[in-house]
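Scroll down for the structure; my scribbles are underneath it.
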Amino acid sequence: MAVLAFGVIALVAVASALGLVLRRNPIHGALFLVVNLGSIAALYLMLGAEFLAAAQVIVYAGAIMVLFVFAIMVLIPGKEETGPDPRRAWRTAALPAGALLFLLVAGTGIARLGTPVSAAPGPADNVSAIARALFSDYLYPFELTSVLLLAAMVGVMLLARRRA
């Protein structure tokens, strides 16, 4: 079952990466990147790295993607959408399909409440080991990444100010 789950998550990661590269619309590309980052977080969970999975979702899929979407919206103004919605039928069908999926997942979770989980035990102090490595061996790349992100934010603000 773990191999099947890995295969599905890896397929989602590769498909979303291809969607990111092949889409011309930058907003769609940003959404594909969110899906890709979420699938990478799921792979981290499968490896037993819960802290990395949480950091992946909070930092990258959350904060950095908000920054990307903000920069895209400021720098590339989109055209206004007018007229009838060509995907109205699909959007109408999405709500019951989503509700059915939620019920299936919730039912599976409730059915498995009584069964014991046999997961392999991870390291006793995973967060401490990551923090020690991050702030000793990898301090320079960590700080370099933060400076790079700061420079990107300043650049976006300067470009946005010139357009206004």
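Consider segment 134-147. How many of its residues are within 24 Å of the chain's Cα centre (by Cα) and in a helix (DSSP H, G or I)?
Within segment 134-147, residues that are within 24 Å of the chain's Cα centre (by Cα) and in a helix (DSSP H, G or I) number 8.
Residue by residue through segment 58-89, note down the ones that are of a type in the set (Lys, Arg) and either modelled with pLDDT of 75 or more or within 15 Å of Gly29 (Cβ to Cβ) (or both).
Arg87, Arg88
Rundown of residues vs (1) out of contact with any helix residue (DSSP H, G or I) (no Cβ under 8 Å at 6 or more places or on another chain); (2) not aliphatic (A, V, I, L, M), yes/no style:
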position	(1), (2)
Phe6	no, yes
Val35	no, no
Gly38	no, yes
Ala49	no, no
Ala97	yes, no
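The values are calculated or read from the model by the stated rules, or taken from the named source; none is laboratory data. Predicted model, so just to flag it, every value in this text is computed and none were measured. Note that each Cβ is placed from the backbone with ideal geometry, even for glycine, and that neighbours are counted across all protein chains shown.
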